[in-house]
Amino acid sequence: MAEIVLSTLNAKYIHTAFGLRYLMANLGDLASRTALVEFDLNRRPLELAEALLKHEPRILGLGVYIWNVTQTTELVAILKRLRPDLCIILGGPEVSYEYNTQPIVALADYVITGEADLKFAEVCRRLLAGDRPPAKIILAELPEFHRLKLPYAFYTPEDLAHRLTYVEASRGCPFSCEFCLSSLDIPVRQAPLPDILAALADLLDRGSTQLKFVDRTFNLDLKFSRAILEFLLTRYQPGHLYHFELVPDRLPDELREIIVRFPPGALQFEVGIQTFNPEAATLIQRRQNYDRLAENLRFLRQHTGVHIHADLIFGLPGEDAASFATGFDRLLAFQPQEIQVGILKRLRGTSLGRHDAEWGMVYNPNPPYDILQNRLIPFAEMQRLRRFARYWDLVANSGNFARTAPLIWESTPSAFASFMQLSDWLHQTVGRTDAISLPRLMELLHQYLVRERGLTAIAVAESLLRDYQAPGRREIPGFLQAHLPATQSHPPVPQTSTRKRRQDRHLTGETSSMKEMEAER
């Protein structure tokens, strides 16, 4: 039994609820009376209610996010029918802004807006003492890091072995990009360096191999970020992966010198470029130096083993489909291992809505509040872009087709236009963007490259087979056997580490594809 239960629905099992662990760490003497119960979106609300009520809690704290608000609203409604006396407290970014019209807020007893690391414990103490706060909406004061107990002891051995380990060295963002909630999180605050290094040492000693830093601007304070990178380099072991989100135009020599010393695949940088259109960037108040950004991307690809995950957003005010295509081709020329084609979302609390009238911005009223159309991109074209993003993730970003994917746009004026042709063809052929098995997708790519691009069946089949066997598979998909020479041997590629499978696929395909197809991107 637990008087307090902390819970949320993670998007996937591999994710961990970082915010709940902060709440646990800062409950003080209440921690022993509290249970942390995580679920993922595959669980049904009735099952969730049953699992939570088994603890017989007096207080239930729920983390509400854009990906789980629909299911969590249903869960809260069920719980209030079954246990009207259960005090339900909501927190998280989805309920921290524009909460007056949200059904889930109407159902709950309290909402703590902002960073609730310390405020949640305060509210729980009052409730357990019989002192109910009079106001439903409770504003959490911005906590300083030196007052917070760090949450890393609440990662279990199972978490460290099978799930992502989220860490943070700072909170906040100095920029004011209108599409991003982090633009509201000012000022930037850093964790005490000795404390975060001690926490990292403990996580690594306990077996963590993947550390994902959630800092929005890890490379903002160069002395601070360099100290962390130097520490991680001293503790690096084969199979480790460290993920950071970087400001793409800020990579001075002090950081370059340490980055080049990491082995290939040890570092993954998420660089949010979002747009190469200066007018669109100005409209959304995004500041970046494109010349410096380009030079930094070239440096990372030519002189380091960093795995680059670059972000672009379509649907921004002031940018049409042609401009986005130009930016996509420009980014692809820098050869990042992954390009995340994101869909603009109008998140609660952001100032993006000020463009609605001028640019005809129309958003989905339901989570994730993604753009449906605007003055420059009608709904039908926006749907094409949405399918492009999904197929790009399946084909290019997955790493399953490191050698074959470049054949789609090889020797064409525009990689974007070439992949859009594939995207349109796939949609016409299968009519869906999900539930396409890997063998089926391979067969579709073979058909397209042979029939539509005019490539030879044998060459495409051999390329697909090498991609398929790269992770260590031994079999040959049945449809390929008809296109391969009967006398040709196809030995499997030795198995590599599975902890970074998606990244490993990019790395194993890089040598041949990059040298053979220099103009691919």
(request) Just name the residue that is modelled with the highest pLDDT out of those in region 174-204 that are within 19 Å of Glu141 (Cβ to Cβ), touching a Cys at 6+ places or on another chain (Cβ under 8 Å) and outside any helix (DSSP H, G or I). (result) Val188
(request) Sort out which residues of region 150-173 are outside any helix (DSSP H, G or I) and open to solvent by less than 20 Å² (accessible area, probe 1.4 Å), and write them in order of number. (result) Pro151, Tyr155, Thr165, Val167, Glu168, Ala169, Ser170, Gly172, Cys173
(request) Mind listing whichever residues of region 62-76 are open to solvent by 40 Å² or more (accessible area, probe 1.4 Å) and part of a helix (DSSP H, G or I)? (result) Thr70, Gln71, Glu74
(message) Quick check on this structure: which one of Arg301, Arg261, Arg292 is surrounded by fewer than 21 Cβ atoms within 10 Å (Cβ to Cβ) and touching a Phe, Trp or Tyr at 6+ places or on another chain (Cβ under 7 Å)?
(response) Arg301
(message) Looking at Asp253 and the list (1) in contact with a Phe, Trp or Tyr (Cβ under 9 Å, 6 or more places away or on another chain); (2) farther than 23 Å from Leu148 by Cα; (3) not polar (S, T, N, Q), which single condition is not satisfied?
(response) (1)
(request) Among the residues of region 355-378, write down those that are open to solvent by less than 50 Å² (accessible area, probe 1.4 Å), over 16 Å from Thr433 (Cβ atoms) and in a strand (DSSP E or B). (result) Tyr363, Ile371, Leu372
(request) For region 379-402, enumerate the residues that are under 13 Å from Phe314 (Cβ atoms) and either at pLDDT below 95 or open to solvent by 20 Å² or more (accessible area, probe 1.4 Å) (or both). (result) Glu381, Gln383, Arg384, Arg386, Arg387, Arg390
(request) Out of Gln274, Gln268, Gln340, report the one residue that is buried (at least 16 other Cβ atoms within 10 Å of the Cβ), under 30 Å from Asn366 (Cβ atoms) and in contact with a His (Cβ under 9 Å, 6 or more places away or on another chain). (result) Gln340
(request) With the checklist (1) open to solvent by less than 30 Å² (accessible area, probe 1.4 Å); (2) assigned to a loop (DSSP other than H, G, I, E, B) in hand, flag the one item Tyr13 doesn't pass. (result) (1)
(request) Confirm whether Gly349 is touching a residue at least 24 places away in the same chain (Cβ under 8 Å), of a type in the set (Gly, Ala, Ser), outside any helix (DSSP H, G or I) and crowded, with 20+ Cβ neighbours inside 10 Å. (result) no
(request) Report yes if Glu230 is more than 23 Å from the chain's Cα centre (by Cα) and over 26 Å from Gly28 (Cα atoms), otherwise no. (result) yes
(request) List the number of the failed condition for Leu127; all other conditions in (1) open to solvent by less than 50 Å² (accessible area, probe 1.4 Å); (2) free of Cβ contacts under 8 Å to residues at least 40 places away in the same chain; (3) within 17 Å of Leu30 (Cα to Cα) hold. (result) (2)
(request) Would you check if Trp409 is surrounded by 20 or more Cβ atoms within 10 Å (Cβ to Cβ), touching a strand residue (DSSP E or B) at 6+ places or on another chain (Cβ under 6 Å) and within 17 Å of Leu331 (Cα to Cα)? (result) no
(request) Residues being open to solvent by 40 Å² or more (accessible area, probe 1.4 Å), in a helix (DSSP H, G or I) and either in contact (Cβ under 8 Å) with a residue 24 or more places away in the chain or among the hydroxyl-bearing types (Ser, Thr, Tyr) (or both): count how many of those fall in region 87-121. (result) 3
(message) Which pairs turn up if I take residues in region 62-86 that are at negative phi and look for partners that are among the polar types (S, T, N, Q) and assigned to a helix (DSSP H, G or I) with beta carbon separation below 9 Å, at least 6 apart in sequence or on another chain?
(response) Leu62/Thr72; Gly63/Thr72; Val64/Thr72; Val64/Thr73; Tyr65/Thr72
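The values are calculated or read from the model by the stated rules, or taken from the named source; none is laboratory data. It should be emphasised that the depicted structure is a prediction, and the values quoted were computed from it without experimental measurement. With ideal geometry, Cβ positions are generated from the backbone for all residues, glycine too; neighbour counts draw on all protein chains shown. Note: accessible area is taken over every heavy atom of the protein model, side chains too, but ligands, DNA and RNA are not part of it. Shrake-Rupley method; radii C 1.70, N 1.55, O 1.52, S 1.80 Å.
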